[in-house]
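Heads up: the structure comes next, in structure tokens.
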Amino acid sequence: MSDNSIKIFTGNSHPELAKLVARRIGIDLAKAVVMKYSNQETSVTIGESVRDEDVFIIQSGCGEINDNLMELLVMINACKTASARRITAVIPCFPYARQDKKDKSRAPITAKLTANMLTVAGADHVITMDLHASQIQGFFNIPVDNLYCEPSMIKYIRTQIPNWTNAIIVSPDAGGAKRATAIADRLNLDFALIHKERKKANEVSRMVLVGDVRDKIAILVDDMADTCGTLGLAAKTLKENGAIQVYAIVAHGILSGKAIQVINDSVIEKLVVSNTIPHEDKMAICPKLDIIDISPTLAEAIRRTHNGESVSYLFSHVPE
């Protein structure tokens with residue numbers, strides 16, 4: 001056991017998740033005031049001593065992403081200069097994760113810049129969930145634990161989807177094939193893939209289904225749903241190919257732009273997202289939305305990190 005205590009701080013991006021994590025560990029959130037001055041500068045006041053303590057700062061990349069990232073950086077730096085023994089940034093949804101490669105000339109690799117900023121601010125360790133590309137771990141020179149929603153998704157399918165044994169796991173694009181096949185293997189189900197052709201970012205032109213979904217429950221699995229254009233079209237394609245029902249399970253439900261309208265108008269029975277991003281406001285206007293709580297996984301990762309135990313158990317199991 002460690003001789004120092006856990007201090008969990010949160011910024012303004014997702015305080016509800018931080019409360020759930022702290023409650024699960026059995027401690028109160030540490031006191032901090034994070035606000036903006038009238039000129040829009042970020043102001044952070046750490047309200048209790050962190051000297052020689054094990055500090056975890058929970059801040060997700062959602063909503064006002066740049067403000068939330070800046071809050072996280074300032075909080076990390078405030079704790080560092082206040083002599084914290086170790087500072088772990090817990091970032092359920094990593095910001096700028098999609099800008100991870102030079103896909104056209106002069107494109108910035110902003111995920112690498114974000115990694116550099118976190119390291120320079122003073123983070124000693126990063127815990128995140130379902131990175132868009134796991135190579136982002138290599139952008140850091142500090143340890144990164146990339147946890148997975150996969151065990152929680154599998155538990156949801158087994159407990160919440162009726163007749164799931166007659167289901168087929170579908171990846172809405174070639175990039176997510178690995179994730180979908182892993183889930184299909186664990187559940188002993190078949191797998192199908194949709195090939196999409198994009199004309200420009202966030203717009204899909206046409207879709208081709210590879211695999212047989214006739215008379216089956218199709219479960220679309222992806223790492224993030226942003227404008228939901230892909231999911232809506234994928235669900236339509238699956239129905240046209242004979243699927244009885246279509247569910248969608250996604251790790252990060254960003255749900256920006258017209259996403260809610262697209263989901264409400266689509267043939268999807270349920271869109272299941274994790275609470276790496278807050279959805280309270282969207283639940284009210286989208287009856288199809290369902291939430292998987294991933295706070296037990298984050299809490300267990302924090303507890304194990306603090307006690308110097310292995311975290312790899314969580315890659316394949318949901319904490320009880």
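The values are calculated or read from the model by the stated rules, or taken from the named source; none is laboratory data. Note that the structure is predicted; figures quoted are calculated from it, not measured. Every residue, glycine among them, receives a Cβ derived from its backbone with ideal geometry; neighbour counts consider all protein chains shown. When the accessible area is computed, the model is the full protein with side chains, heavy atoms only, and any ligands, DNA or RNA have been set aside. Shrake-Rupley method; radii C 1.70, N 1.55, O 1.52, S 1.80 Å.
Structural remarks
- Computed over segment 6-147: relative contact order in percent, which uses C-alpha pairs under 8 Å that are six or more apart: 20 percent
- For segment 25-69, diffusion coefficient by Stokes-Einstein and Kirkwood Rh (Cα), 25 °C, 0.890 mPa s, µm²/s: 194 µm²/s
- Compared with the direct C-alpha span, the chain from ASP265 to LYS19 gains 85.2 nm at full extension, assuming 0.36 nm per residue.
- Straight-distance crosslink candidates among lysines, where the alpha carbon sits under 19 Å from LYS19 and sequence neighbours closer than 8 are dropped: LYS7, LYS31
- Applying 0.36 nm per residue to the separation of GLU320 and MET35 and subtracting their alpha-carbon distance, the gain on full extension is 99.0 nm.
- Calculated accessible area for the chain comes out at 46 Å² per residue, all protein chains present (probe 1.4 Å; ligands, DNA, RNA ignored).
- Once the Cα atoms are used to define both axes, helix 15-25 deviates from the longest principal axis of the chain by about 80 degrees.
- Against the compact-protein benchmark of 2.2 N^0.38 Å, the Cα-based radius of gyration of segment 52-101 scales to 1.23.
- The value for segment 195-275 of Rg(Cα) / (2.2 N^0.38 Å) is 1.03.
- Derived scalar couplings ³J(HN,Hα) [segment 181-197; Karplus, 6.51 cos²θ - 1.76 cosθ + 1.60; whole Hz; x for Gly, Pro]: 5, 4, 5, 4, 5, 5, 9, 6, 10, 6, 9, 9, 9, 10, 9, 10, 10
- Modelled spin-label separation between THR181 and ASN166, with each label point placed 7 Å from Cα along the Cα-to-Cβ direction: 2.8 nm.
- Working from label points 7 Å from Cα in the Cα-to-Cβ sense, the ASP67 to LYS155 distance is 3.3 nm.
- 22 Å Cα-Cα threshold exceeded, pairs from LYS101/LYS236; LYS178/LYS258; LYS155/LYS216; LYS112/LYS258; LYS155/LYS288; LYS104/LYS178: LYS101/LYS236; LYS178/LYS258; LYS112/LYS258; LYS104/LYS178
- Between the Cα long axis of helix 295-307 and the first principal axis of the chain there is an angle of about 40°, rounded to the nearest 10.
- The portion of the accessible surface of the chain made up by carbon and sulfur, rounded to a whole percent, is 49 (1.4 Å probe; DNA, RNA and ligands excluded).
- Computed FRET value (nearest 0.05) for SER256 with SER83, which takes r as the C-beta separation and R₀ as 56 Å: 0.90
- Sorted peptide list for 247-253, 23-29, criterion being average Cβ within 10 angstrom, highest first: 247-253, 23-29
- Fully extended contour minus Cα-Cα distance, from ASP103 to ILE244, at 0.36 nm per residue: 47.0 nm
- Helix 229-240 axis, angle to the chain major axis (alpha carbon atoms, nearest 10°): 30 degrees
- Packing-based ranking of 302-313, 111-122 yields 111-122, 302-313, ordered from highest to lowest mean Cβ neighbour count within 10 Å.
- Percentage of interatomic Cα-Cα distances in the chain larger than 35 Å: 22 percent
- For the chain, the relative contact order comes to 14 percent (Cα pairs under 8 Å, sequence separation of at least 6).
- Relative contact order (%) - criterion: Cα under 8 Å, at least six apart; region: segment 128-218: 22 percent
- For the chain, a crude dipole built from +1 on the beta carbon of Lys and Arg and -1 on the beta carbon of Asp and Glu, taken about the Cα centre, is about 680 debye to the nearest 20.
- P(r), alpha carbons of segment 6-147 - 5 Å bins starting at zero, rounded %: 2, 10, 20, 24, 20, 14, 7, 3, 1, 0
- Separation of alpha-carbon centers, segment 130-171 and segment 51-87, rounded to whole Å: 26 Å
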